[in-house]
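This is the structure I have questions about; it appears just below.
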Amino acid sequence: MTVERRGSLSSGFAAIGGGLGIVLLLTATTVVLSILAAAPLGPALGDAFGRTLAGDHVIRNHPLFAPTDVYDFLHEKSDAVGGAAAATRWAALLILLQQILFAGGIVAVLGKAGGFTAGEFAWGVRRNAWHNFKCFAIFLLLGGGVIGTWVWGTHAFAKRVFESSPPGSRGPLAFRITVILVALLLYAILSLLHDFARAARRFDNSVGALRSWGRARRALSGRWTRALGLFFFWLVLGGVVLAAGFSLEWMSPAVSAVAVFLQILLQIAILAIRPVIRVAAWGSYLALYDRTEAERIPPPVEPTEPLRADTLEDHPLL
Amino acid sequence: MKSLLPSLPRLALVVAAALDSAPLSAATPVSPPVAEYTIEASLDGKTHTVDGQERLVWRNPSGDPVSELRFHLYLNAFKNNHSIFARESGGQLRGDKAGTKPDDWGWIDVLSIKTASGEDLKPGARLIVPDGYPFPRSETRNPKSEINPVEDETVLSVPLPSPVPPHGEIELSIAFRSKLPKVFARTGYVRDFHLVGQWFPKIGVYERAGMRGRAQGGWNCHSFHANSEFYADYGRYDVTFTVPANYVVGATGKRVSETKKGDRTTYRYLADDVHDFAWTADPTFLVHEFRFNPPADIPRGWATLAASELSMSEGELALKPVEVRLLLSPEHASARDRYVQSTKEAISFYGLWFGAYPYPTLTVVDPPDDGPGAGGMEYPTFITGFSGSEFLRWPFRRFRVVEDVLIHEFGHQYWYGMVGSNEFEESWLDEGINTDSEFRVMQLAYGPRPALFPGGIGFDMETYGHAGYVSLPNLDPIRKRAWEYFSGNSYGSNSYPKVGLFLAQLRNDLGAGVYAQAQRAYFQEWSFRHPTTSDFFDVFQQVSGRDLSTYRWNIVEGTSRLDWSVVSAKTDKAERNAGVFEGPGGRETWQKGRVVRPKEAKEPDEKQAYDSVVVFGNRGEWAHSAKARLVFTDGTVVDRVLPAEARWVRLRIRYKSKLAWAAVDPDRENPWEWSRLNDSHVLKSGDGAADTASRRAVAKYFSKAAYWIGLFLQSVWALA
């Protein structure tokens, strides 16, 4: 595979443009699954708010009537709400599956010089599917074990040590913040190992899941600061952009038909933020990984004397 | 209004007490002092125990000789998991869990009971369970009890060697030791914070024949139930308690002395015309004392509004100054100004609309974050607020929990404190009426949507009432004994929000003025007495001059709903004239809306009209009228009243324009309406009066739902 050579961060930004197809695919998958999950609400919303004044109150945020109308909707249409919740759980499972599978395509094609085709992406998905399932299982076990132990242990510790601390005292608060930050750091480390383990299939089609985790650990060895820096850079950038988009959508009143249409476009744009950030993060990680691979595989040795074909004369049978 | 009241001398006494500037604790009690307590107590801050010596003078209010006394031992509700309270609550209430550690339990031991002459009554005393014990009995029930083993130990019966004669009195001397539980259900300790409530042996109420509908005199002294609060007689409390010197304290009544001796300080409080006494102690309290100073502290316009609704002059509504002692937990220091403002609003509203707050003091306690069970509780002249730290910060800051709880608890000084209804048997008379008052104060002080989240999302108080009304199966009426509701939620719904909603309905039907006058009359007639549901309706009927039995039997004593709906609505082109008609110029033959005459055949004689037919139906059980509104596409509005007795009504209207929409109760004048979603039908969207955005609403909220689901789905990505 020929890959482009850039810095990790710029590779991330470059990946957004180069992997636009993947961004669109991830966004479209989210949108389609979301609509399917919300589908049970459609008839209920139509019944409650279509052709009733309740819809009028709700869209205009009537100060006195809208809250009651919304409450009545949630109460009277609880079956539909329950249906949407159940559908959402299935959609969550599907989107998890999608992430596992698409990661195979991403490591196969992202950052590749000269772009890629849909066929190449699909080939990557297919080739790495089983490997990625195994990597996910390892990630889940490690994550549950390490982070779970950390959170449970510190909770038990805090319960014993801080039980008689008055509310608002700084000790427990500082401890809680520390617990959260360390849990986040542990998650970041495991997440990076997981992504690098999947990236191991970028150059080696035959590497197994366990070996790929080992290879990921070696690849990150000595580069943890940079890798974690990349992780938190994309996390913070994504968080800020997402929060801004979320606030904008939350605050927009959207009463007229045009405004409602624009709000729907805004919602889709907000749903595209995470795919963008995810692809960018992958771009950065793969650039880092590619460099470590280049360092790991020694450059071809220049021949010092003309190559000779082996013959029986050179290696007599006896 | 006043002339309608049956007991003018009594009313005059109450009003005089309210207007008089002399404090109620100054030996001028307004209520007949049935129970007079003198208590000396000492708090051990480490073991959370209170050792007390109680002198009780009980006056027999009846014409019966009384040969047995009954006492509440409320703290025994927290003694073990066999008490009725523990069984009914499942050991959990308001986020607190009982008995998670050995030291968490609470109890009260009666060490001795003696008459003034020194006669020991303890040997004859027995624990009783007046309401029965509705749970499977245990094999391990209190075998070592000195009195007698029962599962629930919250009521003590004390036979007397000789009966207390009619209108006579008895003096008792009682020694007791109370161990406070870890904060649970309105009392207890957490760390050094102590809310000392229901802490002493408290005599029940002896109801004479005729009182509260009783055929014969007898004790009203129920076991302590998870869903019930309290009921007691008025009297005087003279309480002296000693605490470690570094503790900051507050209590019912007025502090009359403070004596420091070594590392302990003794405080003495006096309170008249109250039916309970509670106190608090905590070394970390921040103290803020301020004075409610009328008229400067009355919000602008409130006195004018009250005078207008009550048909009284503002001069007649004069309020009295109140000294307020606010005890804040340190982590809630930032809530101080919110407490101060809402306290002033509460004193103003209740004083203006019902009668001036007659006590000279009010103590407001703000419990710590780790003692939420101590929050939101009322005792006479002593209330606890609720300001969990999370409610002081974004995004819950404007949810106004601090203000709402404070206003509600202050309101109990009126509905519970002064109007002493029986909270065991008719909780709606205090919690429900107070919820209605609380709604009113919140709306007056903070606008129609007092509780707000960021982004303008919020709800009004009637939505809270509506939610409580419709969210549960409609199995219980409002009025029921507190422990007989099918669930704790049903008790809560029927005691608080449903009553708020019912009274909003009553106010809309009677008019704000008549309603306010009736409520004031009810307060003034029944202050320092024990009214019932019948008494409430009697006063309201007298003041309004209306028969309100439909409200009582359908809503308060029944489970009837009101559910008018638009069953169908359609609008069609009206059929055009056809046939032979007798016109002013003689007989005319019409065909397809035109007169059949050769020379005028091209000119239409009749303009197109539309027949609109709307059917309204009441799917609920309660017969009550409602307003129907028809709006046409030219903006014409037609209002009709759907009669109470009709189960359905069909309206037919021929008009030049099409019907745009039809609705029942469009202005939400019937808060008791069950469902709001079936109240309207829109036939045409468009501009003008008939403009509705219903279809856009469907698109908008479907996309919003999908969008939120999408955000949730993407959060799952963190896993993979």
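The values are calculated or read from the model by the stated rules, or taken from the named source; none is laboratory data. Please read these numbers as outputs of a predicted model, since none were measured by experiment. Here the Cβ positions follow ideal geometry from the backbone for every residue, glycine too, while neighbour counts run over all protein chains shown.
Search the stretch B:457-493 for residues being touching a Lys or Arg at 6+ places or on another chain (Cβ under 9 Å) and aromatic (Phe, Trp, Tyr), and hand back the single one that is farthest from B:Glu431 (Cα to Cα).
By that ranking, first place goes to B:Phe459.
Any residue that is at pLDDT below 95 and farther than 30 Å from A:Leu210 by Cα - is there at least one of those in the stretch A:103-114?
Yes, the stretch A:103-114 has at least one match.
Which members of the stretch B:224-247 meet the condition of being among the polar types (S, T, N, Q) and within 16 Å of B:Glu426 (Cα to Cα)? Spell out the reasoning first.
Looking only at the stretch B:224-247, we keep the residues that are among the polar types (S, T, N, Q), and these are B:227-228, B:240, B:242, B:246.
Answer for the stretch B:224-247, where residues must be among the polar types (S, T, N, Q) and within 16 Å of B:Glu426 (Cα to Cα): B:Asn227, B:Ser228.
Let me ask something else. Is it fair to say A:Val258 is under 27 Å from B:Phe453 (Cα atoms) and modelled with pLDDT under 95?
Details: under 27 Å from B:Phe453 (Cα atoms): yes; modelled with pLDDT under 95: yes.
Considered against the rule, which asks whether it is under 27 Å from B:Phe453 (Cα atoms) and modelled with pLDDT under 95, A:Val258 comes out as yes.
Can you go through A:Leu266, A:Leu242, A:Leu248 and tell me which one is within 14 Å of another protein chain (Cβ to nearest Cβ), touching a Lys or Arg at 6+ places or on another chain (Cβ under 8 Å) and either surrounded by fewer than 19 Cβ atoms within 10 Å (Cβ to Cβ) or closer than 17 Å to A:Glu293 by Cβ (or both)?
None of the other options fit; the residue is A:Leu242.
Go through B:Thr266, B:Thr284, B:Thr280 for me and flag whichever is more than 21 Å from B:Ser31 (Cα to Cα), surrounded by 19 or more Cβ atoms within 10 Å (Cβ to Cβ), in contact (Cβ under 8 Å) with a residue 12 or more places away in the chain and among the polar types (S, T, N, Q).
Criteria check complete, one pass: B:Thr280.
From the list A:Ile95, A:Ile100, which one is in contact (Cβ under 8 Å) with a residue 60 or more places away in the chain and among the β-branched types (Val, Ile, Thr)?
Numbers: A:Ile100 fails: in contact (Cβ under 8 Å) with a residue 60 or more places away in the chain.
The conditions single out A:Ile95.
Find the residue count for the stretch B:472-493, including only residues that are within 14 Å of chain A (Cβ to nearest Cβ) and either closer than 20 Å to B:Arg338 by Cβ or touching a helix residue (DSSP H, G or I) at 6+ places or on another chain (Cβ under 6 Å) (or both).
Count: 2.
Then there is this: What are the residues in the stretch B:184-200 that are basic (Lys, Arg) and either under 22 Å from B:Glu54 (Cβ atoms) or more than 14 Å from chain A (Cβ to nearest Cβ) (or both), if any? Give the steps one after another, and end with the answer.
First pass over the stretch B:184-200, keeping only residues basic (Lys, Arg): B:186, B:191.
Across the stretch B:184-200, the qualifying residue is only B:Arg186.
If you don't mind, there's one more thing I want to ask. In the set B:Gly118, B:Gly91, B:Gly106, B:Gly124, which member is in contact with a strand residue (DSSP E or B) (Cβ under 8 Å, 6 or more places away or on another chain), free of Cβ contacts under 8 Å to residues at least 12 places away in the same chain and not hydrophobic (A, V, I, L, M, F, W, C)?
That would be B:Gly91, the only listed residue that is in contact with a strand residue (DSSP E or B) (Cβ under 8 Å, 6 or more places away or on another chain), free of Cβ contacts under 8 Å to residues at least 12 places away in the same chain and not hydrophobic (A, V, I, L, M, F, W, C).
Could you list, in sequence order, all residues of the stretch B:182-213 that are touching a Leu at 6+ places or on another chain (Cβ under 8 Å) and part of a helix (DSSP H, G or I)?
Selection gives nothing.
If only one of A:Pro67, A:Pro43 is in a helix (DSSP H, G or I) and touching a strand residue (DSSP E or B) at 6+ places or on another chain (Cβ under 6 Å), which one is it?
A:Pro67
Filter the stretch B:525-536 down to the residues that are in a helix (DSSP H, G or I), crowded, with 19+ Cβ neighbours inside 10 Å and either of a type in the set (Ser, Thr, Tyr) or without any contact (Cβ under 8 Å) to a residue 40 or more places away in the chain (or both) and list them by number.
Passing the criteria: B:Thr533, B:Asp535.
If you check B:Pro295, B:Pro321, B:Pro299, which single one turns out to be modelled with pLDDT under 95 and away from chain A (no Cβ under 14 Å)?
Exactly one of B:Pro295, B:Pro321, B:Pro299 is modelled with pLDDT under 95 and away from chain A (no Cβ under 14 Å), namely B:Pro295.
State which residue is nearest to A:Glu293 (Cα to Cα) when the search covers only the stretch A:95-146 and only residues that are outside any helix (DSSP H, G or I) and more than 18 Å from the chain's Cα centre (by Cα).
Result: A:Lys112.
Among the residues of the stretch A:263-280, is there at least one that is of a type in the set (Val, Ile, Thr), without any contact (Cβ under 8 Å) to a residue 24 or more places away in the chain and farther than 30 Å from A:Ala113 by Cβ?
Yes; the residues of the stretch A:263-280 include at least one that is of a type in the set (Val, Ile, Thr), without any contact (Cβ under 8 Å) to a residue 24 or more places away in the chain and farther than 30 Å from A:Ala113 by Cβ.
Among the residues of the stretch A:283-291, are any among the hydrophobic types (A, V, I, L, M, F, W, C), crowded, with 22+ Cβ neighbours inside 10 Å, more than 8 Å from chain B (Cβ to nearest Cβ) and touching a Gly at 6+ places or on another chain (Cβ under 8 Å)?
Within the stretch A:283-291, one or more residues are among the hydrophobic types (A, V, I, L, M, F, W, C), crowded, with 22+ Cβ neighbours inside 10 Å, more than 8 Å from chain B (Cβ to nearest Cβ) and touching a Gly at 6+ places or on another chain (Cβ under 8 Å).
Do you know which of the residues in the stretch B:419-470 that are in a loop (DSSP other than H, G, I, E, B) and modelled with pLDDT of 95 or more is nearest to the other protein chains (Cβ to nearest Cβ)?
Here the answer is B:Asp430.
Here's something else I'd like to know. So B:Arg576 clears everything in (1) surrounded by 15 or more Cβ atoms within 10 Å (Cβ to Cβ); (2) touching a residue at least 60 places away in the same chain (Cβ under 8 Å) except one condition, right? Which one?
Just one mismatch for B:Arg576, condition (2).
Same structure, new question: Go through the stretch A:46-64 and report how many residues are assigned to a helix (DSSP H, G or I) and in contact with a Lys or Arg (Cβ under 8 Å, 6 or more places away or on another chain).
5
Quick one: which of B:Asp667, B:Asp634 is within 11 Å of chain A (Cβ to nearest Cβ), out of contact with any Phe, Trp or Tyr (no Cβ under 7 Å at 6 or more places or on another chain) and surrounded by fewer than 15 Cβ atoms within 10 Å (Cβ to Cβ)? Quick ask: steps written out before the conclusion?
Numbers: B:Asp634 fails: within 11 Å of chain A (Cβ to nearest Cβ).
Answer to the selection: B:Asp667.
Can I ask one more? Of everything in the stretch A:15-39, what is away from chain B (no Cβ under 13 Å) and in a helix (DSSP H, G or I)? Give them in sequence order. Explain how you work it out, then say what you get.
Filtering the stretch A:15-39 for residues away from chain B (no Cβ under 13 Å) gives A:15-22, A:24-25.
Across the stretch A:15-39, the qualifying residues are A:Ala15, A:Ile16, A:Gly17, A:Gly18, A:Leu20, A:Gly21, A:Ile22, A:Leu24, A:Leu25.
Further question: Output the residues belonging to the stretch A:53-68 that are facing chain B (nearest Cβ under 7 Å) and either within 14 Å of A:Ala257 (Cα to Cα) or surrounded by fewer than 24 Cβ atoms within 10 Å (Cβ to Cβ) (or both).
A:Gly55, A:Asp56, A:Ile59, A:Arg60, A:Asn61, A:Pro63, A:Leu64, A:Phe65
Tell me, which residue of the stretch A:251-263 that is part of a helix (DSSP H, G or I) and more than 8 Å from chain B (Cβ to nearest Cβ) is farthest from B:Trp708 (Cα to Cα)?
A:Val258
Then there is this: Among A:Gly119, A:Gly124, A:Gly105, which is the only one that is touching a Phe, Trp or Tyr at 6+ places or on another chain (Cβ under 7 Å), closer than 20 Å to A:Asp204 by Cα and either more than 10 Å from every other protein chain (Cβ to nearest Cβ) or not β-branched (Val, Ile, Thr) (or both)?
After applying the criteria, what remains is A:Gly105.
Residue-wise test of (1) of a type in the set (Lys, Arg); (2) within 17 Å of the chain's Cα centre (by Cα).
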residue: B:Asp509; (1), (2): no, no
residue: B:Val514; (1), (2): no, no
residue: B:Ala521; (1), (2): no, no
residue: B:Arg529; (1), (2): yes, no
residue: B:Thr533; (1), (2): no, yes
residue: B:Phe536; (1), (2): no, yes
residue: B:Val543; (1), (2): no, no
residue: B:Tyr551; (1), (2): no, no
residue: B:Asn554; (1), (2): no, no
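Further, regarding this structure: Determine, yes or no, whether B:Asn554 is in a helix (DSSP H, G or I) and surrounded by fewer than 22 Cβ atoms within 10 Å (Cβ to Cβ). Walk me through it before giving the result.
Details: in a helix (DSSP H, G or I): yes; surrounded by fewer than 22 Cβ atoms within 10 Å (Cβ to Cβ): yes.
When the stated conditions are applied, B:Asn554 passes them.
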